[in-house]
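Taking it in order: structure first as structure tokens, then the write-up.
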Amino acid sequence: HFKRAIAQGAAVDVVKRRDFLDTQCDDLRHVLEKWADAQRRWVHLGAVFGGGTSSTGAAAQTTQKRTATQKRRPVGERLPIAAGKFADADRLFAAARAEALGSPPMVRDLLDTKNLAARLSAVSTLLADAQHALGQHLEFTRAKFARLFFVGDEDLLAILGGGGDDLNDRLSPYLAKMFQALDAVVVQSSSASLKTVVNKSDSESNDDTKDEGEKPKATKAYAMRSVDGETVALDASFPPRTENGDSSAAAKDGDSSDDDSGDDDEAIAWLAALEAAMRRALSRDLGEALRSFPRGETLFDADWLAPRTAQTAILAAQVHWAREVEGALVEKGKGSSPLRAVADVVGTRLAALTARVRRGRDSPLVRRKLEQMILEVAQQRDATLDLVVHGGGVAEAEAHHQGVQVKPGDFRWLRQFRAYASDDPATSKRDLLLKKQGEESDADNDVNAAVLVEGEDFGLASHASSGLPCVARGHVVDAALTYCFEYQGVGDRLVRTPLTDRCFVTLAQALKLRLGANPVGPAGTGKTQSVRALGSLLGRHTVVFCCDEAFDDASMGRLIRGLCRAGSFGVFDEFNRLEERMLSAISEQLRAIQLALADRQPTVLDVKSGGHRGSSGGGLSASNTQMRIPLAATTAVFVTMNPGYAGRSPLPENLKQLFRTVAMVKPDSTTIARVALSARGFDDDDARDLAGALVALFAVCEERLSKRSHYEFGLRALAPVLKRAGDLRRRQGNQGDARDAVLRALRATVKPRLVDEDAKPFEDLADACLATCLATTTSKKK
């Protein structure tokens, strides 16, 4: 239209007006972009340095409000240069707002204000400098305690400068982000049922200095509490008894004054002491559980399990089971009878535990402990029976009737997760089945000895060097892995199946080669949960990151540096959702980490990104800024992927070489349902038959019922049915019908989600499947 008007010599003024408005719109867009950038930085930094029309006056008022007892200074006051830059930017921004925003504010004012875009650029530059200084300060603070790398900037600022002076109250809300299952630290009174550890040397030395009439001072005993409500007593060395200024000197940036680090060191010392006390407490509980573990045919039930930490009690059961099985394997000339005896003992334990759950008289916390123990004992039962039936690779009938001797080095035994522990420095090497690099071990009782993946210093050093009264290791095939005593809480253990065992073997072998692992498969097959389960079995701190478009170089670099320093398991879920550019950059850093781990190097080269001035961390792309960061020997990186989904980037070839792939296609739903029913109080025979009936029912419903978008008949839909059935079974007690409990659970959880036309067919299918289950159970009893 305009071209035709110009050709006709008309509407020249309209064309000029259009060009003028187009230029002004471009100028307005440019000003608004500058304004948005400046305001975003100003709002972010205002909470730190005190935003307002006069940040200097606000800072002065904040200083006056602090009482004499509150010696900790806000973070903004510890960075005077950055605070000065923010104050200058605040004044410039306030002046620009006052001039550009009239009353009422008009869009035209943004264009008429002189040099507004340049002034906003100056504000952004000053704020970027202040943000860069703040980022450096947070980076150095995180370097003092590695788990702070897993905390965002806002939470870290709250940890350092927010809340009151009581460290417990200030830090407890953020513990769940730094520890696996730790929810809070609570004060445990001396009259409580929990056991506390008394520092005898301190009490004895204090007795000499007390007057005869002086009464001993009451001391607080602390305990850590999990998200499940379980509490574990900490020893008397926590919390650290240090005063302000007594903590060790810490790294400072050029913007910090000489005494600024003391404001942060108190909180960091508290967190470090909590981490050490957590490991000592679990190691202590493990030693007690090992010494008091009921041996032989003696049953362990809620009376033994209730007062103990679930994590260490289950680990003690794993250690004793490994000893029992290996003791049976090395007995010669007795056929499969020693293993059969072990299987009978484990089966008796399982029956006693399920009967205790079915009675339903225990508290919810004790019942959860019993359920998690049942999951472990059921795995032990299945693995032991597998050795009895398929020992030495011989056919089932031959193994049963000709008494084939299963060797200690049989792969069916080596592929199992085996736990070993020792509380005696003199026998730790033998107890943990460890050997030095290149050392031969031909003895029958030492044939499964392995070299520790993390290096000989972890396994062959004395207990005194580790500071733990009891140490433990986990073996999978020929890979021995350090148990790190990270508190896991009661939690929800993963039901182990042959698919899970294959995944564990791949993960362990990848760790032995100092590589990562890559579980691949569709959603719902247990990829991420399998990695977390192995981390839980090894007492590791496992951090799961959900990869999406929000990940950038800075955040990825910060997380990887945190993994290296903390020695954690890092799981990058949906890894192939990242852009190819980031995948290529990450591969270089991961390669450097794996090479350093293979060479037993204590540090690794960290290649930071020059990035933009406002970033609080470094990326992973090459630049002129390089430094070495500490590398813990227990560090490991895993990635999970869903191939074939839309929006997924292909994995670069250089990245594929860094990971060992394991396919996770179809979970064993029947085994999972059977073990889950046993954990909820069902007898083993009932659980086996009902699990098969439920899986068959869901498969038939998937085929015969109508197709609806909200229908789900997979493993995830089975979980609420199992939970509801367990609740009903406990209400029934020993007199009820297991089949009736499952049928009522189906009607309560599945039927409400069905449309009317599918309700009656579902009832008929459920009755038919469970009737077949009842007939099978009756025939077995006959």
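Model label sites at R291 and K220, defined 7 Å from Cα along the beta-carbon direction, differ in position by 3.0 nm. One chain, two ends: R628 and S121. Fully extended at 0.36 nm per residue, the span grows by 179.0 nm beyond their Cα-Cα distance.
With all protein chains in place and a 1.4 Å probe, the accessible surface of the range 484-589 carries 48 percent carbon and sulfur. Computed over every Cα-Cα pair of the range 646-749 and binned at 5 Å starting from 0, the pair-distance distribution P(r) comes out as 2, 11, 19, 19, 13, 9, 8, 7, 6, 4, 2, 1, 0 percent.
Using the beta-carbon distance between E588 and R731 and R0 = 45 Å, what value does 1/(1 + (r/R0)^6) give for FRET efficiency, to the nearest 0.05? Working shown, then result.
Details: r = 58 Å, r/R0 = 1.30.
Calculated value: 0.15.
In this simple spin-label approximation, K656 and R581 carry label points 7 Å from Cα along the Cα→Cβ vector, and these lie 2.4 nm apart. Stretched out straight at 0.36 nm per residue, the stretch from D166 to R502 would grow longer than its current Cα-Cα span by 116.2 nm. In terms of accessible area, using a 1.4 Å probe and ignoring ligands and nucleic acids, R418, R18 rank largest first as R18, R418.
May I ask you to derive the FRET efficiency for A663 and H44 from their Cβ-Cβ distance with R0 = 56 Å, giving the value to the nearest 0.05?
Details: r = 44 Å, r/R0 = 0.79.
The pair A663/H44 has a calculated efficiency of 0.80.
For Y222, the residues 5 or more places off, or on other chains, whose built amide H falls under 5 Å of its own are Q188, L234. The residues packed around K512, meaning those with a beta-carbon under 12 Å from its beta-carbon, carry a net charge of 0 if Lys and Arg are +1 and Asp and Glu are -1.
Filter the chymotrypsin sites (Phe, Trp or Tyr not before Pro) in the range 628-667 down to the DSSP loop ones having no more than 16 other Cβ atoms within 10 Å, then list what survives. Here the chymotrypsin sites (Phe, Trp or Tyr not before Pro) that fit, given the DSSP loop and packing criteria, are Y645. Each Lys or Arg adds one and each Asp or Glu takes one away; over the other residues whose Cβ falls under 14 Å from the Cβ of D88, this sums to +2.
Compared with the alpha-carbon gap, the fully stretched path from E99 to Y711 is longer by 214.3 nm at 0.36 nm per residue.
Could you tell me the ratio Rg/Rh of the range 111-173? Both radii from Cα atoms, Rh via Kirkwood. Mind showing how you got there, number by number?
Details: Rg = 17.3 Å, Rh = 14.2 Å.
We get a ratio of 1.22 for the range 111-173.
In this simple spin-label approximation, V14 and A696 carry label points 7 Å from Cα along the Cα→Cβ vector, and these lie 8.0 nm apart.
The values are calculated or read from the model by the stated rules, or taken from the named source; none is laboratory data. Bear in mind that the values here come from a model prediction, so they are computed numbers and not experimental data. Here the Cβ is made from the backbone with ideal geometry for all residues, glycine too, and neighbour counts use every protein chain on show. Surface accessibility is based on the protein's heavy atoms, side chains included, excluding ligands, DNA and RNA. Shrake-Rupley method; radii C 1.70, N 1.55, O 1.52, S 1.80 Å.
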